[in-house]
Amino acid sequence: MITDHRKAALRCTAVDRWGNSMTMASPERATTVSAHCNATAFVFVPNLCNAKCDFCYVQPGFTHQARASKVVLRRARAAAEALAGLGFREVRFTGGEPTLFANLPEIIQPFLDLGLRYRVLTNAIDVDARIPFFEHHPPERFTISVHDTHAPERFFGVPISKSRWSRNRRKLAAIAEVEATFVVTNPRNDKRVVGRALEDLAEEGVKHIKLILENSRQSEARDFDRLAADLKQDWSGTFDTFRFTSTSTTACRLSEKAFPALELGRGEVYSCCAQVGDKHLLDGHRSALPEDPESARQAVSDVITTAMSYREAALPCSEGTRFCPIALCS
C-alpha cells in the first residue's frame, strides 16, 4: 500500500497552460499508476443519452441534445490536471452518450492540452456535429455500441435510420480505428443477429469486436461461452481483435488492475468503471471529485490505492454478481 508520506514524496510541482501550479507525477509515481491502471482512466460525461437501452447499467436520462454546465467543465479541467499529474496517458470518454453534448470539445480539450490521448465510446446514432472536431483531433479509437445493425430500434428503444447509422460508422472509421461492442441478451438465439451485423461492420471498416454478456443474464453464461466460441471461430480472422466476456473470472481484478472512472455530472471518482452509480460500494471505492486539481489528484490517488489493496473474494461492484462484468478474454 502507498502510505501518505510516500505519496507526498512522489509529488513534484509544475505550471499548467493557464498559469496555475499543478502536481505532476514523479517517475516512480507514474510507473506505479501505469503498472496498475495501464495509465488509462474512464471519464463519464453527465448521465444523459439519446437511446433507451433496457440493459444500460448507468440508467441515463433521455434527451437528444445537451450542453455541459460550467461546473462540469471545471470538473473536466480538474480531472485532466489530476490525471496528467498522476502519470495517466489516456482517457476514455463515455456516459451516457458523449456526442449529444454540444460543447463536448470543451470537455475533451483540457485533456488534449495536457498531452493525454483519448477514446470515445458512442452509439454513433447522431455524430455529424462532432465530426469536424474528431477530424481535427482524432481519437485513438472509437468504441461503438452496435447490438443489431438490422433492427437497431429493438435494442436502442428509439427509431434509427439504418442507412444513416451505417454512414456514421463509416465516417468514424475514416477518422480512427473502430471497435464494435455487442451486449448479448439472448445467447441461445443471437448468433444470426450478431453474425449478420459482423458482415456489415467488416464492410464498413470496423477493426475490433467485443461481445459482452448482459450482467443480469449470468445464468446463461454457458450459452454465451458457446456463442462466443462459435463466432470467434467464424470471424476472428476478419477483425484485428475479437474479445468477449470472461465468464470464468469470478474474482475481482482490482488488486491486479484498476479501471478508475471519473464521473463529471455528479462529481465522483470510482476505483472501477463498473462501479459508477453503484450504491453498494465498500468504503474507499468511491470519492468526491473536487474542482480543485490538487484535491482531485488526491481523490483519484486514494481510490487507486484502495483498488491496489483490495483482497476480498466478493466483487465490490454489485450485490449478487458472479463474475467480473468487464473481464475479457480472446
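Every number in this text was worked out from the coordinates using simple rules, so none of it is lab data. Since we're looking at a predicted model, the values are computed, not measured. We place every Cβ from the backbone using ideal geometry, glycine too, and count neighbours over all the protein chains shown.
Remind me, relative contact order of the chain in percent, using alpha carbon pairs under 8 angstrom and six or more residues apart?
Numbers: 632 pairs, mean separation 60.9, N = 330.
Computed value for the chain: 18 percent relative contact order.
Below 8 Å between Cα atoms, with a sequence gap of 6+, how large is the relative contact order for region 38-92 in percent? Working shown, then result.
On the way: 40 pairs, mean separation 29.5, N = 55.
Relative contact order for region 38-92 comes out at 54 percent.
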Can you give me the orientation-averaged projected area of the convex hull built on the Cα atoms of region 168-224, in nm²?
4.1
Taking every alpha carbon pair in region 65-125, what does the distance histogram look like in 10 angstrom bins from 0, in percent?
23, 55, 21, 1
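Could you calculate, for the chain, the ratio of the Cα radius of gyration to the Kirkwood radius, expressed as Rg to Rh?
Here the Rg-to-Rh quotient is 0.96.
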What does a probe at residue 162 reach in region 120-141, counting residues whose amide N is under 15 Å from the point 7 Å along Cα→Cβ?
none
Using θ = phi - 60° and Karplus 6.51 cos²θ - 1.76 cosθ + 1.60, couplings along region 277-288 (whole Hz; Gly, Pro as x):
x, 6, 9, 10, 6, 6, 4, x, 8, 9, 8, 5
Given that compact globular proteins tend to follow 2.2 N^0.38 Å, what is the ratio of the alpha-carbon Rg of region 115-192 to that value?
1.18
Place a label point 7 angstrom from the Cα of residue 251 along the Cα-to-Cβ direction, then list the residues of region 195-225 whose backbone nitrogen is under 18 Å away.
none
Can you give me the three principal axis dimensions of region 200-330 from its C-alpha atoms, in Å, biggest first?
49, 33, 23
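Determine the relative contact order of region 56-129: mean sequence separation of Cα pairs under 8 Å and six or more apart, normalised by residue count, in whole percent. Walk me through the intermediate numbers first.
Numbers: 80 pairs, mean separation 28.9, N = 74.
Here the relative contact order equals 39 percent.
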Per residue of region 230-242, in order, report the coupling 6.51 cos²θ - 1.76 cosθ + 1.60 (Karplus, θ = phi - 60°) as ³J(HN,Hα) in whole Hz, putting x for Gly and Pro.
5, 5, 5, 4, 7, 10, 4, x, 8, 10, 5, 9, 9
Stretch gain in nm, segment residue 153-residue 186, where the contour uses 0.36 nm per residue and the Cα spacing is subtracted:
10.3 nm
Show the residues, 5+ positions off or on another chain, whose built amide H is closer than 5 Å to the amide H of residue 118.
91, 140
Ranked output for segments 44-50, 248-254, 230-236, 99-105 by mean other Cβ atoms within 10 Å, highest leading, reads 44-50, 99-105, 248-254, 230-236
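Let's test the formula: R0 of 51 Å, r as the Cβ-Cβ distance of residue 229 and residue 69. What FRET efficiency results, to the nearest 0.05? Numbers along the way, then the final one.
Numbers: r = 46 Å, r/R0 = 0.90.
That gives a FRET efficiency of 0.65.
If I take all pairs of Cα atoms in region 42-146, what percentage of them are more than 19 Å from each other? Provide the component values of the computation, followed by the final result.
Working: 2144 of 5460 pairs.
I get 39 percent for the Cα pairs in region 42-146 exceeding 19 Å.
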24 Å Cα-Cα threshold exceeded, pairs from 210/257; 162/191; 52/257; 162/210; 171/207; 52/232:
52/257; 52/232
Eligible aspartates and glutamates near residue 279 by straight Cα distance, threshold 20 Å, same-chain separation 8 or greater:
54, 214, 263, 268, 302, 312, 319
